[in-house]
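Accompanying notes for the structure given below.
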Amino acid sequence: MNKKPRAKSGRGILWVVALFMGLCTLGLALSVVWINIERMDLAYELKQLQTELERKTDLQAKLEVERMNLLSSARLRSLAEEAGLRQAGPGQIRSMSH
């Protein structure tokens, strides 16, 4: 008579263990899915940042070329001539000190 209650008790423990293992498996599966979603989000954000970096790098290069053109001595000389300016003669430049 004592053996039958043990068998039922053993089955109950097996069900609890099986349920626990099933819940652990479900938790791990959900964790893997969540990690993959986060990985995809980070990959998308990284792609956007790389695109923005390339765009800004191109803009910087274009602006540097424009700056060099605007500051070129030939262009400044041409603009000065158009404005009626000429090179300073002797005695026209004065140094100011504190």
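Just so you know, all these numbers are worked out from the coordinates, no wet-lab data involved. Quick caveat: nothing in here was measured; it's all calculated off a predicted structure. A quick note on method: Cβ atoms are made from the backbone with ideal geometry, for glycine too, and the neighbour counts reach across all protein chains shown.
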Next item on the list: Do me a favour and compute the ellipsoid semi-axes for the chain from its Cα gyration tensor, root of five times each eigenvalue, largest one first, whole Å.
Entry: 86, 16, 5
Notebook entry, point to check: What does the helix-only formula give at 222 nm for the chain: each DSSP H stretch with n ≥ 4 adding -39500 (n - 2.57), the total divided by the residues, and the result rounded to the nearest 500 deg cm²/dmol?
Noted result: -29500 deg cm²/dmol
Check: Longest segment of the chain with no trypsin sites (Lys or Arg not before Pro) in a DSSP loop having at most 12 other Cβ atoms within 10 Å?
Finding: 1-85
